[in-house]
Amino acid sequence: MILAIETSCDDTCAAVLEASGRHALSNVVHTQTEHERYGGVVPEVASRAHLERLDGVVGKALDDAGAELDEIERIAVTVRPGLIGALLVGLSTAKSLAFARKLPLVPVNHLEGHVAAAYLADPELEPPFVALIASGGHTALYSVAGDGMDLLGQTLDDAAGEALDKGARMLGLGFPGGPAISKAGRDGDPSRYDFPVALKENNNLDFSFSGLKTSLLYKLKALDESGVREELPHLAAGYEAAVVEALSRKLLRAAQLYDASILVVVGGVAANASLRRVLAEECERRGLKLVVPPPELCTDNAAMIGAAAATATAVPYPDYLSLNARSV
Ligand code: KG4
Ligand code: ZN
C-alpha cells in the first residue's frame, strides 16, 4: 500500500492507496479554517496548522483504510509547488515515517498529482491524453504521455478559480466564488452582457482573465445599486459563461492540435456544472472520451498524490533525507 501526504496550501491531507495507485482506501482532508478571518491563506498560519493536524490526519487515513503502518510499502509526498513552510511540514513528516520504517519515499509534483486524480476516477485510463488543470491557483493545459507531462499553455495572469473568486467579490457574493457565481447566475441570461474571451487565436493555448475582470468592473460602474441587484443574475451568468468558454475552447483546441482522443479536467473549477455540461456535449459530438473526477478528487487531496506516486521513481532509504521542497 501507499501512504500519501499533501500539505502544499491550506488543506492537511493524507490517504492510503492500493499499490496500483488506482484505488484509494482512504482520503482524509482537513481544510484549515484559521484563514477565514484574514480573507486569504496566511502562509505561516498554514504551516503551524499543518504541524498541529498532520499526525492526526495520517492516523485517521490509516484507520479509515483499516491499515497498519507496517503494511505501507512506500510513502508519497508533495514537494512542489506550494507554500514552502507548509510543504516542509508534509515532507518532514513523510521523511520521518519512511526513515523509521526503512521505506522508499516518492516526491510528487502537486500538478502531476492533480492530473493523476483522473486515474482514481477511471482506473482503466491510460495516457496519452490532454489535461486541463483549473483551480484557484493554477490554470494550465498539459499533454500527458507515459513518460510525463508537457505544458501546452497556461494563464498569463489570474487562474480561472481566482477570476471567479474576484468576480464574485466584485458582485458582492461569498467565497469560494465559483459556486457563488453559479448560484447567483442560475436564472440569468448569459448573453445579456458581452463578456470578452481572451486569446482566441487558433493556435494559442494560453489563458487570460484580466480583461474579463475589467469588463465586469466597468459594467458594475455603469449601474446604480438597484441596477446591480436587478442585473446580478445576468452579470453572474455572463461572467461564468465567459470563464467556461475560455476553458472549454482551449481544451478542445488542444485535443485537436495534439490529436488526442481523451480529455481530462481536474482542479476545483472542474466542479463547475456548466463546464462539465459543455464539455460532455462537445466530447460526445466529437467522439472524444472525457474524464472529470468527482469534486472531492478535483480539489486538493492526498489520494491524487498517491496515484501520481504509484508509477513514479521512488528515492530509496535513506537517500531522501537530503530532499528539499520548492515553492515553484
Ligand atoms: O483546487 P481548489 O480546491 O484549490 C486550489 O486552488 O488549489 O480550487 C479552488 C477554486 C476556487 O477558486 C473556487 O472558486 C473554484 O475552485 N470552484 C469552482 C467550483 N467549486 C470550486 N469554480 C466553479 N464552479 C464550482 N462549482
Ligand atoms: Zn491544488
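The values are calculated or read from the model by the stated rules, or taken from the named source; none is laboratory data. What you see is a predicted model, and the numbers here were worked out from it, not measured in a lab. Cβ placement follows ideal geometry from the backbone for every residue including glycine, while neighbour counts extend to all protein chains displayed. Protein only, heavy atoms only, side chains kept; ligands, DNA and RNA dropped before computing areas. Shrake-Rupley method; radii C 1.70, N 1.55, O 1.52, S 1.80 Å.
Miscellaneous remarks
- Considering only SER226, SER210, LEU275, the residue lying farthest towards the positive end of the dipole of the range 205-279 is LEU275, judged by Cα position with unit charges set on Cβ.
- Per residue, the accessible area of the chain comes to 45 Å² when a 1.4 Å probe rolls over the protein heavy atoms.
- What separates the Cα centres of the range 121-166 and the range 42-109 is a distance of 24 Å.
- Global geometry of the range 265-310, whether rounded, prolate or oblate, following the gyration tensor of its Cα atoms and the 1.5 cut on a/c: oblate
- Contour excess over end-to-end distance, with Cα ends at GLU44 and ARG276 and 0.36 nm allotted per residue: 80.0 nm
- Degrees separating the helix 225-257 axis from the principal Cα axis of the chain, which is the longest one: 60
- In Å², nearest 10: area of THR155 left accessible to a 1.4 Å probe: 30
- Sorted largest first by accessible area at a 1.4 angstrom probe radius, with every protein chain in place, the residues LYS102, LYS166, LYS95, LYS200 fall in the order LYS102, LYS200, LYS166, LYS95.
- Heavy atoms of LEU152 accessible to a 1.4 Å probe, total area in Å² rounded to 10: 30
- In this structure HIS138 has an accessible area near 60 Å², from a 1.4 Å probe over the protein heavy atoms.
- Inter-centroid distance (Cα atoms) of the range 1-32 relative to the range 184-226, Å: 37
- The chain, helix-only ellipticity at 222 nm - DSSP H runs n ≥ 4, -39,500 (n - 2.57), divided by all residues, nearest 500: -14000 deg cm²/dmol
- Volume per residue of the C-alpha convex hull in the chain, rounded to whole Å³: 127
- Accessible-area ranking of PHE207, PHE175, PHE99, largest first, probe 1.4 Å: PHE175, PHE99, PHE207
- Total formal charge among the other residues, if their Cβ is under 13 angstrom from that of GLY56, Lys/Arg +1 and Asp/Glu -1: -2
- Mean sequence separation of contacting Cα pairs (under 8 Å, at least six apart), scaled by the length of the chain, corresponds to a relative contact order of 25 percent.
- Set LYS213/LYS250; LYS60/LYS102; LYS95/LYS289; LYS219/LYS250; LYS166/LYS289 screened for pairs whose C-alpha atoms are more than 28 Å apart: LYS95/LYS289; LYS166/LYS289
- Applying 1/(1 + (r/R0)^6) with r as the Cβ-Cβ distance of LEU223 and PHE175 and R0 = 22 angstrom yields a FRET efficiency of 0.45.
- Dipole magnitude for the range 182-267: computed about the Cα centre from +1 point charges on Lys and Arg Cβ and -1 point charges on Asp and Glu Cβ, it is near 160 debye.
- For the listed peptides 40-53, 219-232, a ranking on the average number of other beta carbons within 10 Å per residue, highest first, reads 40-53, 219-232.
- Of all DSSP beta bridges in the chain, antiparallel share, percent nearest 5: 60
- Estimated FRET transfer efficiency when R0 is 22 angstrom, pair ALA19-GLU126 (beta carbons, to 0.05): 0.80
- The range 242-328: relative contact order as a whole-number percent, Cα under 8 Å and 6+ apart: 27
- Förster radius 51 Å - calculated FRET efficiency between ASN202 and GLU71 (Cβ-Cβ, nearest 0.05): 0.45
- The range 221-328 shape via C-alpha gyration tensor axes, a/c threshold 1.5: oblate
- Placing +1 on the Cβ of every Lys and Arg and -1 on the Cβ of every Asp and Glu, with no other charges, gives the chain a dipole of roughly 480 debye about its Cα centre.
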